[in-house]
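One structure below.
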């Protein structure tokens, strides 16, 4: 594993991005780019669990630790991707401390948690090093809980206090929607939510995280104590790169044609 949880506990800032194409090729490219972590998105991405398996394989060579956003906090969804070799999970739409606790308990084997035992899985090199994997999971697997509902925001301190919750992650789009101020990221209600989440994380020795729609907002969140920061996605990288190239070539073509008329 790539020591992401240890780095978070040491207060390091770790940088990530989204993988939502379901592609092992784009996962490998992004994983080799230098990110500290990447988020394989099974909630809104186009890929499924089988695609996540191949994406995690593709990320093996790079620097990025694979975190998987599961569709729900059901332990079966969490077990599956951990068995594939995911180094952590992100749970969306959490509303209560009980839901958060259920999610992070699925990261841990009995007696501390709820995770089922299977030895012949990719995470244990297909049974070769189960004992070593078992011993390191508590100190290595990262539990990320999204703060994107009004209910979660109201009990964010209680969620932050739960053992196994390593990151409180603000989902800007959903949280601003829930607050009735969609996409108004400079609104006092949103800024107060950002501050409240950051303070809860700091109080209980956890990390605060966010997905930046605009990387120029980095300073704002860093100054608020956020250290688990993502921006961009493989889909956006392809889209932006293609559009930039079309514009560049079109401009060159138009300039050439004008100069020769």
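Computed from the coordinates by the stated procedures, all read-outs in this text should not be read as laboratory data. Predicted model, so just to flag it, every value in this text is computed and none were measured. As a convention, Cβ positions derive from the backbone with ideal geometry for all residues, glycine included, and neighbour counts pool all protein chains shown.
Among 42, 153, the ranking by other beta carbons within 10 Å of each residue's beta carbon, starting with the fewest, stands as 153, 42.
For the range 166-200, backbone nitrogen atoms closer than 16 Å to the point 7 Å from residue 95 Cα along Cα-to-C-beta are found at 175, 178-179. Against the main long axis of the alpha-carbon atoms of the chain, helix 130-140 sits at an angle near 70°. Just checking the listed ones, 203, 247, 138: in the Gaussian network model of the chain with Cα springs under 10 Å, the one fluctuating most is 247.
A Förster radius of 25 Å combined with the Cβ-Cβ distance from residue 46 to residue 174 puts the calculated FRET efficiency at roughly 0.85. Considering every alpha-carbon pair of the chain, the percent of pairs per 10 Å bin, from zero through the bin containing the longest distance, is 7, 30, 35, 18, 6, 3, 1, 0.
Between the helical axis of 75-84 and the longest alpha-carbon principal axis of the chain there is an angle of about 70 degrees. Using 0.36 nm per residue and subtracting the Cα-Cα separation, the extra length available between residue 187 and residue 33 on full extension is 52.1 nm.
Against the chain, whose longest principal axis comes from its Cα atoms, helix 188-203 is set at around 40 degrees.
Once every Cα of the range 16-167 carries one equal point scatterer and solvent is ignored, give the base-10 log of I(q)/I(0) from the Debye formula at q = 0.17 Å⁻¹, two decimals. Each listed q corresponds, in turn, to -0.95.
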